[in-house]
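A.B. asks: What follows is a single structure, and I will ask about it in a moment.
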Amino acid sequence: MAQESDNTFSKLKVVREIRINPIVPSESVLVATARSLRPKKEEAPAPYDSRQHVETCPFCRGNEAMTPVPIAEIPADDDWKLRIVENLYPVLGDDRENPDLAFGLQQTIDGYGRHEVVIDHSSHGIRIHEMTGEHLALLFSTYRNRMEQLYHSDDRLKYVLLFKNFGPAAGASISHTHSQIIAMPVVPDNVQAEVRNSTAFYQTNHQCIFCSLIDEALTFEATLYNQRSGEIQRRINVGQFVIERSERFIAIKPFASRYEWEVHILPLLHSADFLNAGPEDMADLARIFRRTMARLNAVIGGVQYNFFFHSLPHGAEYEGSAAAFHWHVEICPRTSIPTGFELGSGLFVNTICPEDAAEMLRNVFLLE
Ligand SMILES: [Zn+2]
Ligand SMILES: [Zn+2]
Ligand SMILES: [Zn+2]
């Protein structure tokens, strides 16, 4: 097996270039694939916990009394499929009010918010691609419904972030499969940058930059020649960044992927707000999500990852960006430990050319 993957890697192109993220240009990536340029230490795969039930796990069925009172239990009986509970160690809370302060150059905003845990499944160690499509669709509708309730619960909440950490390097402290919802009084900087830049793109080009990127991924083809020697510098093939396409969604390897195996999933038809996704969207999202996770699992195996949903923030100042912004899910597998160079420069280093990674993911043969 190791032999096989070694051969696969030795066939890959050697690339050394800085790629500018088309949506957030300040988030550039150094794609440096030559072996000698691989200073990165590999992250161990997440220990695969195949246990269905763990006596001491607070998220396992039968141990419901070990968690705070549930916010939701779906369905509301002992046979629940999903539960939402408050996080025992919230990073933001609504239990205490601190005034917003400004002193000298220092400012604080009250850490008001909500931090909740979604217990994704009753089976302890089940992985996303092992869940049924039906279950995943239920999970995504649960995210959506809770997000809506939170936005309506308090005007101070500006953004609801849905995300999942899987594996200790990705920040998961409990091994039972779970995701998190954080409702916060500020819009995260990266989401703000995406909204700001896509709005500026819309003003100049009268189209959504995400829709344009999807179009480009599905139709663009080009050959670039060296003007002096006439040698081919680069060939861009149709669909080379596409991993999967379903009726309503597309899974794409970003051209400037920060992480070696990063994949984004976007609705094919323009939509700014995840809250607009209906039951048919959820069923189709579940399908493409499972297949994408199965591909990742086949190529990199038991990987640690984060995924997060980026949707248009709520509030009057964002209403004008509905035509410009396009909701999406970013899946970021953690296969290497960030180096001092990356942390100090803010420049991500990716050691596998995104086109090659896309091809390897596409080439996985899925049984269903
Ligand atoms: Zn458990
Ligand atoms: Zn769009
Ligand atoms: Zn995003």
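A.B. asks: Once R0 is set to 30 Å, what does the formula 1/(1 + (r/R0)^6) return for the Cβ-Cβ distance between residue 367 and residue 174, expressed as a FRET efficiency to the nearest 0.05? It would help to have the intermediate numbers written out before the result.
C.D. replies: Working: r = 31 Å, r/R0 = 1.02.
For R0 = 30 Å, the calculated efficiency reads 0.45.
A.B. asks: Compare the peptides 344-350, 223-229 by average per-residue count of other Cβ atoms within 10 angstrom and give them in order, highest first. Spell out each step's value before the answer.
C.D. replies: Values: 344-350: 15.3, 223-229: 9.0.
With the highest mean Cβ count within 10 Å placed first, the list reads 344-350, 223-229.
A.B. asks: Then there's this: Full extension from residue 50 to residue 205: what is 0.36 nm times the residue separation minus their Cα-Cα distance, to one decimal in nm? If you can, show how the numbers build up before the last one.
C.D. replies: On the way: separation 155, 0.36 × 155 = 55.80 nm, distance 4.97 nm.
Contour length minus Cα-Cα distance gives 50.8 nm.
A.B. asks: Suppose all protein chains stay in the model; what accessible area per residue would a 1.4 Å probe give for segment 199-285, in Å²? It would help to have the intermediate numbers written out before the result.
C.D. replies: Details: 4680 Å² over 87 residues.
The answer is 54 Å² per residue.
A.B. asks: Given points 7 Å out from each Cα along the Cα-Cβ axis, report the residue 134 to residue 105 separation in nanometres with one decimal.
C.D. replies: Roughly 5.9 nm, to one decimal.
A.B. asks: Figure the gain on full extension for residue 232 and residue 192 (residue separation times 0.36 nm, minus the Cα-Cα span) and round it to one decimal in nm.
C.D. replies: On the way: separation 40, 0.36 × 40 = 14.40 nm, distance 3.86 nm.
Using 0.36 nm per residue and subtracting the Cα-Cα distance, I get 10.5 nm.
A.B. asks: Long-range amide H contacts for residue 336: which residues qualify at under 5 Å (H placed 1.01 Å from N, peptide plane, sequence gap of 5 or more or a different chain)?
C.D. replies: 43
A.B. asks: Contour minus end-to-end for residue 76 and residue 17, with contour as 0.36 nm per residue of separation and end-to-end as the Cα-Cα distance? Show your work: numbers first, answer last.
C.D. replies: On the way: separation 59, 0.36 × 59 = 21.24 nm, distance 5.31 nm.
Length gained between residue 76 and residue 17: 15.9 nm.
A.B. asks: Could you bin all the Cα-Cα distances of segment 75-159 into 10 Å bins starting at 0 and give me the percent of pairs in each, rounded to whole numbers?
C.D. replies: 14, 36, 28, 14, 7, 1
A.B. asks: A further question follows. Quick one: net charge around residue 71, please, counting Lys, Arg +1 and Asp, Glu -1 for every other residue with C-beta under 10 Å from its C-beta. Mind dumping the intermediate values first?
C.D. replies: Working: positive: 83, 114, 146; negative: 73, 86, 116.
Residues close to residue 71 contribute a combined charge of 0.
A.B. asks: Determine the calculated [θ] at 222 nm for the chain from helices alone, applying -39500 (n - 2.57) to every DSSP H run no shorter than 4 residues and normalising by the residue count; nearest 500 deg cm²/dmol. Write down the numbers at each step before the final one.
C.D. replies: Details: 8 runs with 99 residues, N = 368.
Value at 222 nm, helices only, nearest 500: -8500 deg cm²/dmol.
A.B. asks: Continuing with this model, one more query. Label segment 204-247 by shape, choosing from rounded, prolate and oblate, from the square roots a ≥ b ≥ c of the eigenvalues of the Cα gyration tensor; if a/c is under 1.5 it is rounded, and otherwise prolate applies when a/b is larger than b/c, oblate when it is not.
C.D. replies: On the way: a/c = 4.79, a/b = 1.68, b/c = 2.85.
It is oblate, given that a/c is not under 1.5 and a/b is not larger than b/c.
A.B. asks: Continuing with this model, one more query. Sort 56, 177 by accessible area with a 1.4 Å probe, largest first.
C.D. replies: Largest to smallest exposure gives the sequence 56, 177.
A.B. asks: Which three extents, in whole angstrom, do the alpha-carbon atoms of segment 239-347 cover along their principal axes, largest first?
C.D. replies: On the principal axes, segment 239-347 reaches 40, 33, 24 Å in Cα extent.
A.B. asks: So, one more: Please report the accessible area of residue 51 (heavy atoms, 1.4 Å probe, ligands and nucleic acids excluded) in Å², nearest 10.
C.D. replies: Approximately 130 Å² for this residue.
A.B. asks: Return the Cα extents of segment 145-301 along principal axes one, two and three, sorted largest first, each rounded to a whole Å.
C.D. replies: Each principal axis gives a Cα extent; for segment 145-301 these are 62, 42, 31 Å.
A.B. asks: With an 8 Å Cα cut-off and a minimum separation of 6 or more residues, compute the relative contact order for segment 91-223 in percent.
C.D. replies: Details: 144 pairs, mean separation 33.1, N = 133.
It rounds to 25 percent for segment 91-223.
A.B. asks: Keeping the other protein chains in place, figure out the carbon and sulfur percent of the accessible area of segment 181-232, with a 1.4 Å probe.
C.D. replies: Numbers: 1530 of 3210 Å².
Carbon plus sulfur share of accessible area: 48 percent.
A.B. asks: Could you work out Rg/(2.2 N^0.38 Å) for segment 197-285, with Rg from alpha carbons only?
C.D. replies: Numbers: Rg = 16.0 Å, N = 89, 2.2 N^0.38 = 12.1 Å.
For segment 197-285, the normalised Cα radius of gyration is 1.32.
A.B. asks: Now a separate question. Restricting things to alpha carbons, tell me how big the chain is in terms of Rg and Dmax, in Å.
C.D. replies: Computed over the Cα atoms of the chain, radius of gyration and Dmax are 21.4, 73 Å.
The values are calculated or read from the model by the stated rules, or taken from the named source; none is laboratory data. In this text, all values refer to a predicted model and were calculated from it rather than measured experimentally. Virtual Cβ from ideal backbone geometry, glycine too; neighbours counted across all protein chains shown. All accessible areas refer to the heavy atoms of the entire protein, side chains included, with ligands and DNA or RNA removed. Shrake-Rupley method; radii C 1.70, N 1.55, O 1.52, S 1.80 Å.
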